[in-house]
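Single-structure report; data block below.
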Amino acid sequence: MTPTEVVQSYFAAMQTGRDAADALFALFVDDAVYVEPFTGASRTHEGRAAIEACIRESWDHAPPDLALEVNRIDVDGDVVRSEWTCTSPVFEAPVRGVDVCTVRGGRIARLEVSFA
């Protein structure tokens, strides 16, 4: 897969949620790094098992009717920067974010998520 296809597959799986867990976690290399801000502080998860545990935990606490929309994708070699918007009826306003994804061998080697 090209870097763009990897990121598009990642977002499609995230939008699907638990039903796409196998496809989602297969997108990460074994030694991948995932940096995310979702607990209010930046946390780093190293290795696919740690990333899987983090994402599965987030599904347990996901707001109702969560919708994720990809607004823009920019590619520079193996680095893909994507801008997204997340909505839920419990949010006062849409949440906007940026993902910077480094792809290695057609899979995610590093994914850094931040709020815009």
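Nothing in this text is a laboratory measurement; each read-out follows from the coordinates by a stated rule. Bear in mind that the values here come from a model prediction, so they are computed numbers and not experimental data. Note that each Cβ is placed from the backbone with ideal geometry, even for glycine, and that neighbours are counted across all protein chains shown.
Name the strands (runs of 3 or more DSSP E) wholly inside segment 1-82 in which the number of residues that are touching a strand residue (DSSP E or B) at 6+ places or on another chain (Cβ under 7 Å) and in contact (Cβ under 8 Å) with a residue 24 or more places away in the chain is 3 or more.
Working: elements: 28-36, 43-46, 67-76.
Output list reads 28-36, 67-76.
Hey, can you tell me all the residues within segment 5-21 that are under 14 Å from Arg107 (Cβ atoms) and exposed (fewer than 15 other Cβ atoms within 10 Å of the Cβ)?
The first filter runs over segment 5-21 and keeps only residues under 14 Å from Arg107 (Cβ atoms), leaving 5-10, 13.
Across segment 5-21, the qualifying residue is only Glu5.
Being within 14 Å of the chain's Cα centre (by Cα) and assigned to a strand (DSSP E or B) is the requirement here; does Val98 meet it?
yes
Can you pull out every residue in segment 37-62 that is exposed (fewer than 15 other Cβ atoms within 10 Å of the Cβ) and acidic (Asp, Glu)?
Selection gives Glu46, Glu57, Asp60.
Here is a list of conditions, (1) surrounded by fewer than 14 Cβ atoms within 10 Å (Cβ to Cβ); (2) under 14 Å from the mean Cα position of the chain (by Cα); (3) free of Cβ contacts under 8 Å to residues at least 12 places away in the same chain, and Phe115 meets all of them except one; can you say which number that is?
Failing condition for Phe115: (3).
May I ask you to list the residues in segment 27-36 that are over 16 Å from Ser114 (Cβ atoms) and surrounded by 12 or more Cβ atoms within 10 Å (Cβ to Cβ)?
From segment 27-36, those over 16 Å from Ser114 (Cβ atoms) are 27-32; that's our starting set.
Those that are over 16 Å from Ser114 (Cβ atoms) and surrounded by 12 or more Cβ atoms within 10 Å (Cβ to Cβ): Leu27, Phe28, Val29, Ala32.
Can you name the condition, by its number, that Phe38 falls short on among (1) in contact with a Gly (Cβ under 9 Å, 6 or more places away or on another chain); (2) within 22 Å of Val6 (Cβ to Cβ)?
(1) is the only condition that Phe38 fails.
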